[in-house]
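The values are calculated or read from the model by the stated rules, or taken from the named source; none is laboratory data. The shown structure was predicted, so the numbers you read here are calculated from the model rather than taken from an experiment. We place every Cβ from the backbone using ideal geometry, glycine too, and count neighbours over all the protein chains shown. We work out accessible area using only protein heavy atoms, side chains counted, and drop any ligands, DNA or RNA first. Shrake-Rupley method; radii C 1.70, N 1.55, O 1.52, S 1.80 Å.
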Amino acid sequence: MANLYDELISKEKKLCVMGMGYVGLPIALSFSNALDVIGFDINKEKINNLKSGIDITGEIAEGALENCNICFTAEEEKLEEASFFIIAVPTPIDDNKMPDLFPLISASTLVSKHMKQGAVVVYESTVYPGLTEEVCVPILEKDSGLVYKKDFKVGYSPERINPGDKVHRLENIVKIVSGCDDETRELVANVYELVVKAGVHRAESIMVAEAAKVIENSQRDINIAFMNELSIIFSKMGINTKDVLKAASTKWNFLDFKPGLVGGHCIGIDPYYLTYQAQKLGYHSEVILAGRRINDNMGQYIAGCMVKKMIESDINVKGAKIGIWGFTFKENCPDIRNTKVIDIVKELAEYQVSSVLVDPIADALEAQALYGVDIINPEQVEEGSMDGIIVAVSHKIFYDYLPEDWSKYYKKEISNKVIADIKGIYNEQEFDKEGYTYWSL
């Protein structure tokens, strides 16, 4: 094992990152500063873009791909050149909110067909405790013909990359590492220490590392669910949620979470991996699933509130057109995976209300492919065409909008303009002065 580390450092052997997405690409780029790296993805179009220096995720600095030491490829045969594999593929859920292991199984199968004796495979994908060794290891053994812990080793080091976050990056976030034995854990730690300047935490086992990752996002999900529930209650009481949280935040140990839509490929999905495994063991989660139910229903709640405000303002709902600014799952990030804005769109459609989706950051082609919806840029919005507006995502570019900037989009006959500012990025009093009906979570 010690020899493998030295061989990676001397570039006699290569490291391969499986999956060139929001997680895998930054990992590959960081390691390319110290090692020979293979960046593998089954999406040939993505690989061609990367070879041309194009990063559609927006996760890396402009020009970073120029002259980087990464061999981008979609060719399976290239995997045979690697001895250290990092698997960073998505772990989604299906329509029944059950773990969809297809990407993980596919990546493991590919590696198993090409890895050689002495290989080390490290998983970064978020999984439930036990999955790596229960599901992935048998796949690695089956097609490779190699024996686990004798001919190859496995580690787990959960990703902590926050898409769209330019501050908290791979290099400055403490990395959890683990291995199937002490020697492997130390090797994995040493390899990651080449790029992670914040240091590594050596977890006692693979299962401990798996559990640590899945509860990170579950905890955040529950806290946001609590805020969402409070916002519903305070709305009924006629209290401004933002004002309440501002007051409560003056206490040193208050957790300053905010209400909002909870989507994306982590927080809105990972808790289901944990509850799935818990149910297999005979335990039905109470708190985790309660939080998930609240957060999963926020899109419908927001749409319902918007419709009520329109009715109160004597705006005809049936046949109305609402502009929705923001379609990505979070602010300042092009990622639209598991965006909960689509829930608002679907619920409004139940009221026979059409939506115009406006997002200068999201990929229009991807939105059409994943959700069958059209996305336009702000400059393409027809003035005087809207019956109402929802600011669903707090992109930085939206912060500069003033009440008079929004007013041009409303139909001329609408005197009482309704605007839903989901994340509360605007000053309510400014909109009140201009005669708006302003609403936020």
Go through Met207, Met298, Met237 and list them by solvent-accessible area, largest first, probe radius 1.4 Å. Met237, Met207, Met298
So which lysines can Lys197 reach, going by Cα to Cα under 26 Å and dropping same-chain residues fewer than 8 places off? Lys11, Lys13, Lys14, Lys153, Lys166, Lys175, Lys213
What dipole magnitude, in Debye to the nearest 20, does region 374-441 give about its Cα centre under +1 on Lys/Arg Cβ and -1 on Asp/Glu Cβ? 120 debye
How many times 2.2 N^0.38 Å is the alpha carbon radius of gyration of the chain? 1.08
What ranking do 95-107, 238-250 get when scored by the average of other Cβ atoms within 10 Å per residue, highest first? 95-107, 238-250
To the nearest 0.05, what FRET efficiency results for Glu193 and Asn223 with a Förster distance of 51 Å applied to their C-beta separation? 0.95
Keeping all protein chains in the complex and leaving out DNA, RNA and ligands, what accessible area do you get for Lys116 with a 1.4 Å probe, in Å² to the nearest 10? 110 Å²
Any chance you could run the full-extension gain for Ala64 through Phe257? It's 0.36 nm times the residue separation minus the Cα-Cα distance, nm to one decimal. 66.1 nm
Let a ≥ b ≥ c be the square roots of the eigenvalues of the Cα gyration tensor of region 153-236; is it rounded (a/c under 1.5), or, if not, prolate (a/b larger than b/c) or oblate? oblate
Would you please put 70-81, 402-413 in order of how densely packed they are, using the mean number of other Cβ atoms within 10 angstrom per residue and starting with the highest? 70-81, 402-413
As a test of reading the structure, rank Arg169, Arg220, Arg202, Arg293 by solvent-accessible area (1.4 Å probe, protein chains only), most first. Arg293, Arg220, Arg202, Arg169
Quick calc: nm separation of the 7 Å Cα→Cβ label points for Met98 and Ile54 -> 3.8 nm
Percent carbon-and-sulfur accessible area, the chain, ignoring ligands, DNA and RNA, probe 1.4 Å: 50 percent
Roughly how many nanometres apart are two label points built 7 Å out from the Cα toward the Cβ at Glu404 and Lys433? 1.2 nm
Quick note, region 1-100: a/c under 1.5 would make it rounded; otherwise a/b > b/c is prolate and the rest oblate (a ≥ b ≥ c, C-alpha gyration tensor); here it is oblate
If R0 = 30 Å, then Asn33 and Asn3, at their Cβ-Cβ distance, give a FRET efficiency to the nearest 0.05 of 0.85
Using only the C-alpha atoms of region 167-326, find the volume of their convex hull and express it per residue in Å³. 181 Å³
Could you tell me the calculated FRET efficiency between Lys113 and Tyr283, based on Cβ-Cβ distance and R0 = 30 angstrom, to the nearest 0.05? 0.20
Please give the calculated 222 nm ellipticity per residue for the chain, where each DSSP H segment of at least 4 residues contributes -39500 (n - 2.57) and the sum is spread over every residue; nearest 500 deg cm²/dmol? -11000 deg cm²/dmol
